[in-house]
Structures are given as structure tokens and as C-alpha cells.
Amino acid sequence: MVNQQRQPICGASWWWQWLPIMLLLAISQTTDATPPSNGDWWQRTVFYQIYPRSFMDSNGDGVGDLPGITSRLEHLKDAGIGATWLSPIFRSPMVDFGYDIADYTAIQPEYGTMEDFEALLVEAERLGIKIILDFVPNHTSDQCEWFRRSVAREHPYTDYYVWQDGRVDPNGNGTARLPPNNWQSVFYGSAWTLHPDRGQYYLHQFTAQQPDLNFRNPAVVEEMREVLRFWLRKGVAGFRIDAVNHLFEADGFPDEPETGTDRDPLSYGFTHHIYTKDLLEDYDMVYQWRALLDDWSRVHGGDARIIMTEAYANITFTMKYYHAEYDDEVDGQPRAAAGSHMPFNFLLITDLNRDSSAQDFVYTIQKWLTYMPRVGATANWVLGNHDQPRVGTRYGAERIDAIHTLLLTLPGIAVTYYGEEIGMVDNPDAISSDGGGGDSVTGASDAFIVFSRDPERTPFQWDGTANAGFSSGPTTWLPVHPNYRELNLAAQRLAERSHYKTYQALVALRAHETFRKGSIQLVPYSSSVVVYVRELAEADTFVVVINLVAGERAVDLVAVFPKLSAELSVASSGSASNYRVGDIVQADKLIVGGYDGLVLRSMPLMSRAQQNLDGKRHPTPATVWSAVKDAAVIASIIIALGSSYYGLRAPWQSVASGLAEGSLKK
């Protein structure tokens with residue numbers, strides 16, 4: 001036993017006989033300590049984005065739908081997912097595949113009915129999965145009844161949208177009009193379109209078929225609140241708010257200053273968007289919606305309803321979505337307003353790729369953690385979505401497991417895009433020269449080939465049957481990736497090791513309290529190896545090692561983290577790794593295979609001693625400590641010793657303190 005190698009602290013021989021039991025009791029007490037808080041549900045789970053058109057088709061029309069999603073929710077449960085957000089399912093002409101909403105409280109017919117949605121909620125609740133809806137408040141479809149009535153100047157819809165007369169064309173005949181200013185659409189061209197029936201320009205920061213709502217009109221604000229209440233009554237757990245930093249525009253509609261880097265006046269990069277993005281009113285609207293959701297939870301009970309916000313902005317602006325602190329006070333305390341539970345962190349998408357070094361990775365991760373508020377904020381990490389190339393395409397298919405190891409061991413919340421758990425990659429064949437049924441926003445042009453978002457939106461690859469098991473129909477809305485016969489969920493579930501099994505194991509490991517609440521220390525060990533330690537008092541210590549390159553790398557972890565135990569146990573490894581879970585490695589002589597991602601557990605003293613005694617692979621710490629609890633009976637004997645017990649208190653505390661500060665790592 002490990003304790004037999006120590007010298008007695010006091011001279012009494014009977015004290016030495018009791019020491020092993022006391023050590024075991026001390027260990028048991030620290031391991032079983034209950035954390036002060038387990039966090040709310042949204043802080044503990046993994047979120048999963050479903051793109052409804054591409055997840056599962058239930059009726060053979062080649063388009064995914066709500067009954068299809070319901071039929072496949074068991075997969076999310078199996079993967080360990082606790083919540084999913086659905087890209088828009090509302091009635092829409094589908095110019096931007098649901099992000100142009102005609103009716104916020106009706107289901108898109110090709111996706112199903114309201115009854116289908118309610119059935120999905122019932123099944124999700126049975127499986128313990130929360131449903132989050134994609135809320136698109138910045139704009140509607142031009143087919144929305146509100147817009148039609150606004151065009152006709154019908155009360156109260158006259159000012160539901162942003163209308164302007166435009167400028168007189170100095171080269172015209174005095175009646176010709178020009179757009180009100182130099183604002184551009186995100187999708188190229190002027191952000192203004194003249195409506196012939198109303199005789200005015202309307203603002204659209206995205207496509208001309210997506211007119212911007214006027215959030216300076218209180219009636220519009222109330223309409224959006226009622227939309228949220230409608231779906232809360234249905235039982236959703238929250239909302240992902242799209243393009244939230246575009247809600248407000250500056251009064252007076254001034255021209256925006258030119259960047260000087262893009263000379264095309266119709267390009268979005270031609271100006272600095274200081275009057276159309278990231279205005280203070282955008283944040284305040286999020287605070288108002290958060291207050292609505294908090295009030296709803298308070299009145300109706302149940303788990304917290306949450307807000308997730310999408311805003312491609314600099315990190316200083318993004319952090320303002322968490323909460324606001326004001327100069328005045330309420331009841332003697334600084335006035336504050338809670339905001340987004342999850343201001344989406346896109347840094348793993350926008351700032352890193354297959355060419356990034358270990359220093360780039362550490363800098364990017366630390367950037368978010370440095371800027372994030374110290375109180376009342378939880379980190380989140382978004383690895384992919386429907387607008388960005390897939391993980392295997394951006395980082396390289398060979399790095400999929402390593403990047404998932406990173407995602408699922410960082411502090412905070414992880415967000416996964418459908419199909420990433422099995423390592424799906426972009427399908428370049430999904431791009432057709434005429435935009436055939438795909439991304440109609442970018443349209444038929446050379447720009448479509450460059451900017452189309454179709455390659456990352458192809459059908460989920462369930463199995464090796466026709467259409468990858470996605471649809472029984474003759475065709476699918478986008479072509480399935482031709483690699484589906486080899487790369488599919490069914491095959492990966494049967495395989496001994498696979499992307500899916502690696503992902504699944506990492507999600508399960510993420511539930512460990514050290515990953516949920518522990519600290520992190522990141523170090524670029526070299527230009528190609530990222531290492532970091534996750535620690536929590538009275539809990540297991542883990543170290544994560546990620547090799548970004550093809551060649552093996554030797555790593556001395558003790559040189560970086562001196563408090564690590566000499567031996568480490570493999571808790572997770574990539575599907576192509578030379579290591580298996582449970583393998584023992586030397587902390588100072590670790591060889592990491594190419595593109596591998598390892599999670600290593602620092603081995604407690606008892607586990608290493610037991611391994612030395614019986615020559616077998618060490619049991620898990622939970623197994624060791626559960627046996628220790630039997631020693632509690634002996635504790636009552638010690639207490640019964642009365643005055644003798646009090647004489648032991650000081651040495652007892654010294655031993656426990658020595659273990660906690662010494663080589664015992666759990």
C-alpha cells in the first residue's frame with residue numbers, strides 16, 4: 001500500500017495501525033464532496049443544430065420534414081445530445097430556405113403540420129431533449145401579410161417596415177429617384193429596393209425578398225414578443241435569434257464611411273457598417289427578450305427558457321450580449337440587465353483552419369475566455385453551421401476527431417452541426433450552375449460557385465442504402481455525398497472505432513464535473529501540438545493533447561504541468577489512434593500519433609498502487625472510492641475512543657492536507 005511507504009507522524013504504534021483507514025476516509029471525503037452548483041440544464045448539455053430539409057425525409061418527396069426529425073430523435077439521445085435547435089420551420093416562400101418568413105406561427109407545409117410539431121415536442125420530452133426554435137426577427141418575407149399591408153399603407157402596418165423616399169437623381173429629369181444612401185446588402189447590391197406600388201424604397205439588409213422590420217415602431221416590438229409567447233405556449237425551451245445585430249439602423253439614414261479596401265460600391269465590403277450593425281438598441285432588444293423569457297419561466301415554472309444569439313461582430317461587441325451594467329442603482333445595487341445565455345462564439349469557424357498553428361489555437365481560445373465577463377457568463381464553442389463549410393472540409397478530414405476532442409473538452413457549452421458527429425464533409429456536387437433547387441440567395445452566377453452554402457447542407461448519411469437512408473424517393477433536394485456507402489452512421493455504430501464512437505465517448509466524458517466546472521490552462525507545446533489541463537479541486541485532473549500534423553510528436557507533459565502524476569490513463573483517443581481507453585502512458589515520455597487527440601486522466605495514488613500489486617489495468621477512480629465507503633464503520637470506532645480521538649485530530653488533518661497538496665491527483 002502507498003501509505004506504508006510513509007513514516008509515522010507520531011510515535012504511537014497504534015496510530016500507525018490506524019493510518020491506512022484514516023487515509024482512506026480522507027480520500028473518500030474529498031472525492032464525494034458535492035459541488036456547490038451543478039449549473040442550469042443549458043450549461044451542462046451539448047447542443048445540436050438540425051437543418052430540417054436535410055435531416056430525414058418521412059414521405060419520399062426528397063425533402064426532410066418534422067415527422068422525419070421525430071423518427072430520428074433517438075439518434076440524438078444515443079449521441080448524448082440534450083438539446084437541438086431547428087433551422088426555421090415556419091411558412092416561407094423559401095428564397096432563403098426559411099429565413100424569409102411569411103407567417104411566424106404556421107409550419108411550412110413541406111415540413112408538416114402543427115400537429116407534427118407538437119408530436120415532435122412530445123417525443124423530445126420523452127427522450128429528455130430540449131427543442132430550440134430559430135427566430136428571425138430582423139426581416140420577414142415580402143410575401144408576409146404585414147408587408148403587403150404596409151405597401152398598401154394600411155393602419156397599423158404602414159410603418160412596420162423601413163420606408164424612405166429616396167434621393168433625387170441629379171442626372172435625371174427631376175422625378176427620377178435614387179436609393180436613400182450608400183448602404184449595401186449583405187448579399188451584394190443596394191440595401192434599398194423601390195416598391196412601385198407604394199412609391200418608396202424599403203430597406204433589406206439581406207435579399208430584396210427579405211424586407212427589414214422597423215423596430216423603432218413599438219407595434220413591431222410587441223408583434224415579436226407575441227411570436228415568442230406563441231411558441232413558449234407550445235412548449236419550446238428557447239430561441240436562437242438570427243442576425244440580431246442588424247435589428248436597428250441609425251436615425252437620419254446617413255451614408256456609411258468607405259473602407260478604402262473594396263472599390264466596388266455594391267459590395268458589402270465597400271463601407272464600414274457603423275449605422276446598420278451593432279447599434280446599442282440591438283443589445284437592449286435582446287435584454288427585453290431575455291426578461292420576457294425569464295418572466296415566463298418564473299410564472300409557468302419548469303426549466304429556464306434560453307436565448308442563443310447569432311451576430312458576426314468583433315469580440316467586444318459580442319460580449320455585450322451577455323448582460324448590461326448601468327451607471328445608476330436599484331435598491332443600492334448597480335442596475336443590470338441579463339441578456340443572451342449564449343452569444344454564439346464563432347471563433348473556431350472564423351479564426352482557425354487547417355493551416356493554423358498551435359499558437360493560433362491557444363490564442364483564439366484564450367481570446368474568448370479573456371474577453372468574457374467573469375460573472376454571469378458561460379463560454380460556448382460553435383464548430384459549424386448551415387452557412388459555413390464543414391469541419392472536415394475546413395480543418396481536413398484527418399483532423400475530425402482531434403477537433404471534436406478540442407470542442408468537447410473546452411469549458412462551457414458545445415454546439416454541433418448535424419452530420420459532424422460522423423465526419424460528413426462538404427459535397428461540391430451539390431453546387432449546380434443554375435442553382436438547381438439549392439441556395440437561391442446566391443443565384444446562378446460564378447459567385448454562386450464560390451459562395452454557395454449548399455455543399456454543407458446535403459442530406460444526413462444514415463446508412464449505405466439508396467439516398468443514404470435519408471429518403472425513399474427517387475431524388476433528394478440536394479444530392480447525397482457519394483461517399484455515403486462508406487461514411488454513414490449505421491456503419492460507424494457497428495465499427496469497433498469510428499468518428500461517431502469517438503464523438504459519443506467525448507460527449508459522455510464531458511459530463512465529468514472537471515469538464516463542467518474545472519479551470520483550464522492552455523499551452524502551445526510546439527507549433528503543432530496544443531496541450532491543456534482541466535483541473536477542479538477534489539476531482540480528477542485531465543490533460544488534453546492535440547497533434548495538428550501528420551507526424552508523431554514526443555511530448556513531456558511534466559515539463560509543462562509539473563503537478564501531473566507520472567503515469568496517465570487514456571480517457572479518450574481518436575478513431576485512428578495507437579492508444580485505447582485505459583492504456584497507461586508516461587507523462588514525461590508521451591508519443592502522440594499524427595492528427596491524434598488524446599484526453600488523459602491523472603492517475604490517483606490508490607489506482608497506481610493497486611495496478612502495481614495485481615499487474616492488472618487500474619480500475620476507475622469511482623470503483624476504488626466506492627469500496628472506501630465501507631471504512632465509514634471504522635470511523636464510528638475512532639469517534640468512540642473519546643479523548644484519544646481528539647488527540648489524533650491534528651495529525652489527521654496534517655495527513656489529509658499533505659495528500660491534497662502532494663502527489664494525489666484525482
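The values are calculated or read from the model by the stated rules, or taken from the named source; none is laboratory data. What you are looking at is a predicted structure, and each value in this text was computed from that prediction instead of being measured. Ideal geometry is used to build each Cβ from the backbone, glycine not excepted, and the neighbour counts take in all protein chains shown. Please note that ligands, DNA and RNA were not included when accessible areas were found on the heavy atoms of the full protein model with its side chains. Shrake-Rupley method; radii C 1.70, N 1.55, O 1.52, S 1.80 Å.
Once the convex hull of all Cα atoms in the stretch 88-222 is built, its volume per residue stands at 128 Å³. Protein heavy-atom surface of the stretch 518-602, 1.4 angstrom probe: 50% of the accessible area is carbon and sulfur, with nucleic acids and ligands not counted. Counting only Cβ charges, +1 for Lys and Arg and -1 for Asp and Glu, the dipole size of the stretch 518-602 around its Cα centre is about 100 debye. What separates the Cα centres of the stretch 556-576 and the stretch 470-539 is a distance of 19 Å. What nm distance separates the two modelled labels at S519 and A106, each placed 7 Å from Cα along Cα→Cβ? Distance between label points: 5.7 nm.
For D262 and W41, the difference between the fully extended length at 0.36 nm per residue and the C-alpha to C-alpha distance is 75.1 nm. Estimated at the nearest 10 Å², the accessible area of D78 is 60 Å² with a 1.4 Å probe. Averaging the Cα positions of each part gives two centres, and for the stretch 314-363 and the stretch 153-211 these lie 34 Å apart. Here the stretch 518-602 is described by how far its Cα atoms reach on the three principal axes: 36, 26, 20 Å, from widest to narrowest.
When the Cα convex hull of the stretch 546-590 is projected onto planes of every orientation, the mean area is 3.4 nm². Computed from the C-alpha gyration tensor, the three semi-axes of the ellipsoid equivalent to the stretch 240-347 are 32, 16, 12 Å, from longest to shortest. With contacts taken as Cα pairs under 8 Å at a separation of at least 6 residues, the stretch 518-602 carries a relative contact order of 32 percent.
Overall, the accessible surface of the stretch 129-177 at a probe of 1.4 angstrom is composed of carbon and sulfur to the extent of 41 percent.
One chain, two ends: D159 and T465. Fully extended at 0.36 nm per residue, the span grows by 104.9 nm beyond their Cα-Cα distance.
Protein heavy-atom accessible surface, 1.4 Å probe, per residue over the stretch 239-390: 44 Å².
Residues in the stretch 104-127 near a label at H300, defined as backbone nitrogen under 18 Å from the 7 Å Cα→Cβ point? Counting only backbone N, you get 104-107, 114-126.
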